[in-house]
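Novice: Let me give you the structure first, and then I'll get to my questions.
The values are calculated or read from the model by the stated rules, or taken from the named source; none is laboratory data. Predicted model only: the values in this text are computed from it and were never measured. Quick reminder, even Gly has a Cβ in these numbers, built from the backbone with ideal geometry, and neighbours come from all protein chains shown.
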Amino acid sequence: MKSHEEGGAQSGMVEPWLEALMADYNRDSFKQRNQYKAQIHFRGSVLQEIVWWALQSLPDEILVGLDFDGSKPVIPEVHERYKSEFEQQDLFQGQGFVVTEAHIVNRGDSYSVHHLPEEWIDGLYAQDRGSRAGRFTHWLHTHPNAPALPSGADADAAQETTGVDLILGLRFTPEGPLPWFDDYEGVQRSLGVKEKQPRKRGFFARHRLPVLGIAPTGHSIHELQLIAFHKNGFGVNVVLVDDEGVPYSNDSKSND
Ligand SMILES: [Zn+2]
């Protein structure tokens with residue numbers, strides 16, 4: 001598996017196509033803000049890093065531990081802008097702080113991915129994580145070629161989370177052993193693709209999908225989905241921000 005060193009705090013440049021997707025996503029987060037009880041701000045460069053890890057780890061899902069920087073509170077004006085009229089304080093650990101750090105913790109199938117390997121629970125983890133002894137505030141796992149909707153196993157795993165759980169759904173080609181699967185019920189939060197793609201499996205159908213961007217692994221990315229949820233079952237609104245904590249936006253196009 002990838003070395004743990006590469007999972008440190010990330011910052012920096014984000015691919016322009018991903019920046020545009022995140023701006024669209026934030027516009028939806030703003031419009032739908034009253035459907036949530038809380039918001040979580042997530043650094044875009046960290047999301048990009050996770051997308052690359054996810055594609056490098058195929059066909060496995062990956063489990064990523066996330067942390068916030070206690071010196072990086074959410075910008076008050078931004079918080080106010082995305083605030084739900086039903087917002088509640090003190091719902092989860094790390095509320096009010098930007099997610100700035102990601103570490104790959106595990107990889108596996110949709111069940112095994114949630115079970116931490118021994119080395120992460122023992123010494124190696126402790127060295128890396130200091131006194132936190134293997135605990136992360138938030139957790140994200142991936143759904144390769146499937147929507148970002150929690151399974152029963154996902155909901156169970158979330159019961160141990162002190163922060164929030166996130167799921168990143170990725171639609172990409174070449175698909176390998178994982179054709180796109182979307183026989184799920186639930187609310188999907190997509191980055192970029194607004195209409196459900198027709199359910200076609202053929203070569204030509206796949207090649208008609210719009211390509212949002214190309215990953216360093218060579219995969220064409222057709223869709224990204226991202227949701228966050230609290231262990232009690234309610235959704236948490238995600239706001240994608242740059243390294244200064246400012247949301248990505250298409251303000252020049254005055255979308256709001
Ligand atoms: Zn899952």
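Novice: Would you be able to tell me the number of residues in the stretch 57-78 that are closer than 26 Å to Pro150 by Cα, assigned to a strand (DSSP E or B) and of a type in the set (Asp, Glu)?
Specialist: Summing the residues that are closer than 26 Å to Pro150 by Cα, assigned to a strand (DSSP E or B) and of a type in the set (Asp, Glu) in the stretch 57-78 gives 2.
Novice: Show the residue pairs meeting these rules: Cβ distance below 9 Å; 6+ apart or different chains; first residue within the stretch 175-195 and at pLDDT 70 or above; second residue among the aromatic types (Phe, Trp, Tyr).
Specialist: From residues that are at pLDDT 70 or above, the pairs are Leu178/Phe172; Trp180/Phe172; Arg189/Tyr25; Ser190/Tyr25; Leu191/Tyr25.
Novice: Let me ask you something else. Could you look through the stretch 102-144, keep only residues that are in a loop (DSSP other than H, G, I, E, B) and either away from the ligand (no atom under 16 Å from the Cβ) or surrounded by 22 or more Cβ atoms within 10 Å (Cβ to Cβ) (or both), and pick out the one that is modelled with the highest pLDDT?
Specialist: Thr137
Novice: Within the stretch 162-183, which residues are within 25 Å of Asp90 (Cα to Cα) and either away from the ligand (no atom under 11 Å from the Cβ) or of a type outside the set (Asp, Glu) (or both)?
Specialist: The answer is Thr162, Gly163, Val164, Leu166, Ile167, Leu168.
Novice: Any residue at all in the stretch 145-161 that's more than 15 Å from the chain's Cα centre (by Cα), at pLDDT 75 or above, more than 10 Å from the ligand (Cβ to nearest atom) and crowded, with 16+ Cβ neighbours inside 10 Å?
Specialist: yes
Matching residues to (1) on the phi > 0 side of the Ramachandran plot; (2) surrounded by fewer than 17 Cβ atoms within 10 Å (Cβ to Cβ):
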{"site": "Gly12", "(1), (2)": "yes, yes"}
{"site": "Pro16", "(1), (2)": "no, yes"}
{"site": "Met22", "(1), (2)": "no, no"}
{"site": "Asp28", "(1), (2)": "no, yes"}
{"site": "Lys31", "(1), (2)": "no, yes"}
{"site": "Asn34", "(1), (2)": "no, yes"}
{"site": "Ile40", "(1), (2)": "no, no"}
{"site": "Trp53", "(1), (2)": "no, no"}
{"site": "Ser57", "(1), (2)": "no, no"}
